[in-house]
Structure formats: structure tokens, C-alpha cells
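Okay, so here's the structure we're looking at.
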Amino acid sequence: MHVYVIGAGVTGITTAYFLTKQGFKVTVLEKEKSPSSQTSRANGCQLSVSNAETWNSWRTLGKGIKWLFDPQAPLVINWTPNYKKYKWLFDFVRNIPNYEKNTIKTVQMALDSQDAYEEILREEDISYDRMDKGILHIYRSEKEFENAKRVNEIYAKAGLERQQLDWQGVVDVENQINPEGIIGGFYTPTDYTGDIYKFTTQLANILKNKYGVEFLYDTEYKMHDPGYIWTKRGVGYKYDAVVICMGVYSGLGIYPIKGYSVTINLDPQSAITSPEVSLLDDEHKIVTARLGVNRLRIAGTAEIGSFNKDIREDRIQPLLYWVQNNFPTVDTSDYIPWAGLRPMTPSMMPIIKRDRNKPKTFYNTGHGHLGWTLGAGTARSCARQVLMAHNSLQKY
């Protein structure tokens with residue numbers, strides 16, 4: 001059975017991996033010239049079960065309205081008329097009653113994904129600047145800290161254990177941080193970080209060289225009929241099943257939420273005073289990840305607007321200011337900015353399903369800001385769906 005995977009980001013590559021392990025012949029189509037070129041290129045690099053809270057809540061909505069009048073806010077919205085954008089916002093609000101249920105489900109999916117990544121790493125030699133020092137959520141606001149305690153109760157229902165810390169506990173975990181104003185935090189030692197780009201590109205090479213997976217880069221598909229994928233160049237490829245892993249280009253009500261990051265190249269002194277423990281500032285929606293000795297990734301902000309991937313300096317500067325305030329001895333002058341489009345569903349839940357109307361078509365997409373965290377788990381689940389469908393057809 002020949003399965004085509006469309007998209008070579010982290011979800012597409014891990015899906016191709018688990019399909020290959022199920023015994024399928026796999027071909028990957030990617031419109032870019034290499035894997036991991038879009039959303040999987042330079043995200044926050046956290047594999048963070050502790051960041052699995054969905055955004056659909058009245059509290060988030062209230063903060064979003066307040067942020068409308070602050071150009072430096074974590075969230076900005078481009079109000080240029082667009083039906084899909086307003087439909088997405090409307091459906092986002094409609095999903096507020098599902099907040100707790102979906103948060104619990106997302107945590108459980110993230111825990112399963114941790115197991116799926118370990119399954120890959122037990123068999124494959126991949127070096128991706130992994131840092132097993134946990135993820136530390138920090139708080140300088142009593143209101144934010146009290147809300148974090150309520151969120152922690154939901155996490156506990158899903159099976160995630162976190163350590164509540166006072167300000168001294170925060171400093172004990174990450175002693176390079178400026179302690180001024182910190183009142184507490186939550187620490188998840190089982191979370192970790194790693195360079196998503198390194199992981200994805202190395203796994204793609206392993207698929208090609210070890211397992212014989214074919215990669216068709218610079219190949220943008222136009223449509224697929226039952227049994228054939230047609231590219232924009234008019235070339236047709238015959239398939240037995242196809243898995244759509246196209247992020248924001250997957251359809252299904254997914255809308256792009258732009259996020260930004262900076263990768264700071266650390267000089268020797270900054271390498272000493274930069275954080276090694278991954279941080280998440282809930283109030284400012286900013287995350288950090290140490291990538292090896294000489295790089296520090298800072299990511300955050302959300303911009304609801306369009307498919308535009310232009311890098312706005314006014315969205316990059318708050319990330320640098322955050323570093324300067326929290327780690328004042330770190331030199332931020334040498335950095336690489338980046339912007340990518342997170343594929344968000346209105347419910348904040350990824351889509352892993354078989355198309356009812358096209359039984360040979362499957363989806364693994366819509367992971368939003370948790371593509372790195374959830375990718376391997378949903379890939380394994382999707383591959384199992386394809387196998388079950390194949391086995392059911394073999395009976396007849």
C-alpha cells in the first residue's frame with residue numbers, strides 16, 4: 001500500500017515515520033525545497049505538556065479585548081474584513097464551554113506524544129540540542145498566579161504533576177533570572193526542549209536513507225481525486241491513501257495565527273548568564289529555550305490577521321525587551337528574527353481523522369502552538385488509523 005504524506009513539517013515527517021514503521025510505502029510531497037521550512041523552522045522549541053491549556057475561556061477573551069488598545073500586547077488583531085477570520089473568531093467563542101474538557105484531552109495527548117517521541121529516539125540516532133531541565137512557569141502578578149493554580153487543578157485531572165514554587169523556589173530552579181517582582185511559579189521537570197528544525201530535518205534524512213521514503217520537494221499539489229494527487233505542474237501521482245499535514249493550508253476551518261521568535265547568538269559571557277531551564281511567562285505569553293551552548297530562543301506573541309509572514313519589528317522588540325528585563329547581562333545585539341503561521345482550529349484541538357466523503361484521505365493537522373509538543377503522538381495515532389482502514393479493506 002502506497003501512502004502519500006503532503007507536508008514535511010514536524011507532523012508530516014513524524015507521520016511518514018510511523019506509517020513506514022507500519023510497513024507502508026511512503027512518499028512525502030512538500031512545496032518548499034527542504035523539510036521543516038515553515039512553521040517547524042524556528043518556534044519556541046518547548047515540548048511542553050505544561051502549556052496544553054486551550055485558549056477558549058472568558059478570561060482569555062476579556063484579556064484579548066483589553067489588549068486591543070495596547071500595541072505591545074501579546075495578542076494583536078488585524079480587523080481588515082475577512083469572512084474566514086471572523087468565522088474563526090465566532091467559532092472560537094462558541095468553544096468556550098469546552099475549555100476544561102479540551103484542556104484535559106490536550107494534556108493527555110501531549111503525554112502520549114512524549115511517549116511517541118521516546119519511541120522514535122529509542123531506534124533513531126537524532127541529535128537536536130535536547131535539554132532535559134524541565135519547564136518553569138513564572139509569575140509576577142497575583143491574579144495570574146491564582147489563575148495558574150486553578151489551571152493546575154485541571155492539569156492534575158489529566159495526569160500531569162507540577163511543582164508549585166514560591167519566589168525562592170523559582171530562583172533555586174533558575175538562578176540567573178532577575179528575581180525582582182517574582183511571586184511564584186510552577187515547575188514541570190518532565191517537560192523538555194529541543195531544536196525542532198534539527199529533529200525534523202534529521203528524521204527526514206533517516207526516512208530517506210534508512211527506510212527508502214521518497215521525498216518530492218518543490219512540489220505543490222493542486223487537488224487530489226480518488227486515487228491520484230495532481231500537482232500544479234500537471235503531474236499525477238497514484239496513491240492508496242493520502243495524509244494531509246499542511247498546517248495553515250489544510251482547510252477544515254484552520255486559520256493562521258502568526259507567532260514570532262528571535263534566536264540570540266550568545267557571546268561567551270552571555271552563555272554563562274543565560275537561562276538553561278526553559279521558561280514560560282504566562283502574563284506576557286513568552287517562552288524560552290536554550291539550544292546548545294551558544295543559542296537562546298525566545299518566542300511568543302500572537303497576531304490574528306492573514307497568511308502574511310512578514311517580520312514586524314514592533315513584534316520582535318518586546319521579545320528582546322523581555323530578555324533584557326529578566327536577564328540584564330545577556331547581550332541581545334546578535335539575533336535572528338523569524339515569523340511563522342501557527343495552524344489554529346477554533347477549538348484549539350488538532351484534527352486527526354479520516355475524511356468521511358473521501359475514505360482514502362486522512363488528516364493530521366491544526367496543532368496550533370503545540371505542533372512540536374503534540375506532533376509525534378498525533379502522527380502515531382494517524383498511522384494507526386490508516387492501518388486500521390487498510391486492514392478493514394483487506395477483509396473484503
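The values are calculated or read from the model by the stated rules, or taken from the named source; none is laboratory data. Only a predicted model underlies this, so the values are computations on that prediction, with no experimental measurement involved. FYI the Cβ positions are ideal-geometry reconstructions off the backbone, even for glycines, and counts take in every protein chain you see. Accessible surface areas use protein heavy atoms only, side chains included; no ligands, DNA or RNA. Shrake-Rupley method; radii C 1.70, N 1.55, O 1.52, S 1.80 Å.
Please go through the range 52-70 and pick out each residue that is touching a residue at least 60 places away in the same chain (Cβ under 8 Å) and either in contact with a Gly (Cβ under 9 Å, 6 or more places away or on another chain) or not hydrophobic (A, V, I, L, M, F, W, C) (or both).
Residues satisfying the conditions are Glu53, Thr54, Trp55, Asn56, Arg59.
Would you tally the residues in the range 345-365 being crowded, with 24+ Cβ neighbours inside 10 Å and either within 20 Å of Cys45 (Cβ to Cβ) or at pLDDT below 95 (or both)?
1
Quick one: in the range 71-89, which of the residues that are of a type in the set (Phe, Trp, Tyr) and without any contact (Cβ under 8 Å) to a residue 24 or more places away in the chain is least open to solvent (accessible area, probe 1.4 Å)?
Tyr86
Just to be sure, is Thr193 touching a Cys at 6+ places or on another chain (Cβ under 6 Å) and either under 22 Å from Gly371 (Cβ atoms) or small (Gly, Ala, Ser) (or both)?
The answer is yes for Thr193.
Determine, yes or no, whether Ser306 is under 30 Å from Tyr17 (Cα atoms), open to solvent by 10 Å² or more (accessible area, probe 1.4 Å), of a type in the set (S, T, N, Q) and touching a Ser or Thr at 6+ places or on another chain (Cβ under 9 Å).
So Ser306 does not fit the description; no.
Taking Gly194 as the residue in question, decide whether it is modelled with pLDDT of 95 or more, in contact with a His (Cβ under 7 Å, 6 or more places away or on another chain) and surrounded by 20 or more Cβ atoms within 10 Å (Cβ to Cβ).
Taking the combined requirement at face value, the residue does not satisfy it.
Looking at (1) open to solvent by less than 10 Å² (accessible area, probe 1.4 Å); (2) touching an Asp or Glu at 6+ places or on another chain (Cβ under 8 Å); (3) of a type outside the set (D, E, K, R), find the lone condition where Trp322 falls short.
The one condition Trp322 does not meet is (1).
When the residues of the range 17-69 are filtered to those that are of a type in the set (Val, Ile, Thr) and more than 30 Å from Lys232 (Cβ to Cβ), which remaining residue is surrounded by the fewest Cβ atoms within 10 Å (Cβ to Cβ)?
Ile65
Within the range 27-36, is there a residue that is outside any loop (DSSP other than H, G, I, E, B), among the hydrophobic types (A, V, I, L, M, F, W, C) and over 30 Å from Arg130 (Cβ atoms)?
No - not one qualifying residue is present in the range 27-36.
Leu374 is checked against (1) under 18 Å from Arg41 (Cβ atoms); (2) out of contact with any His (no Cβ under 6 Å at 6 or more places or on another chain) and fails just one. What number does that condition carry?
The number of the failed condition is (2).
Quick check on Ala116: is it among the aliphatic types (A, V, I, L, M), outside any helix (DSSP H, G or I) and open to solvent by less than 60 Å² (accessible area, probe 1.4 Å)?
Criteria not met by Ala116.
Do the conditions hold for Ser50, that is, is it in a loop (DSSP other than H, G, I, E, B) and under 19 Å from the mean Cα position of the chain (by Cα)?
Judged against the criteria, Ser50 is not a match.
Being of a type outside the set (Asp, Glu) and either free of Cβ contacts under 8 Å to residues at least 40 places away in the same chain or open to solvent by 70 Å² or more (accessible area, probe 1.4 Å) (or both) is the filter here; which residues of the range 325-344 pass it?
Across the range 325-344, the qualifying residues are Asn325, Pro328, Thr329, Ser333, Ile336.
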